[in-house]
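I have placed the structure first, in the form of structure tokens, so that the comments after it can refer back to it.
Readers should treat all values here as calculations from the given coordinates under stated rules, not as data from a laboratory. Being a predicted model, the structure only gives us computed values, none of them experimental. So basically every Cβ, Gly included, is an ideal-geometry build from the backbone, and we count neighbours across all protein chains shown.
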Amino acid sequence: MDVKSQIYIQETLPKSSTCSYCRGLIHQNSISFDHIIRKQDGGTGSVQNGALMHPYCNTSAKN
């Protein structure tokens with residue numbers, strides 16, 4: 001691996017978003033938002049109750 005690639009990985013990987021369900025890295029063009037505590041269970045629509053997920057994880061986590 002060349003130095004530029006190593007620098008890119010070193011700088012970006014720790015700052016990357018991860019899915020709150022599977023903990024995998026999320027691509028910026030494939031993000032879904034979900035509630036941490038579902039609204040039907042008393043959760044709110046606030047920022048503090050929000051989480052990033054893969055679209056697939058978001059739909060499969062609900063089933």
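Values computed for the structure shown
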item: Selected residue [free of Cβ contacts under 8 Å to residues at least 60 places away in the same chain, among the aliphatic types (A, V, I, L, M) and touching a helix residue (DSSP H, G or I) at 6+ places or on another chain (Cβ under 7 Å)] from Ile31, Ile37; result: Ile37
item: All positions within the stretch 13-44 that are more than 11 Å from the chain's Cα centre (by Cα) and surrounded by 10 or more Cβ atoms within 10 Å (Cβ to Cβ); result: His35, Ile36, Ile37, Arg38, Lys39, Gly43, Thr44
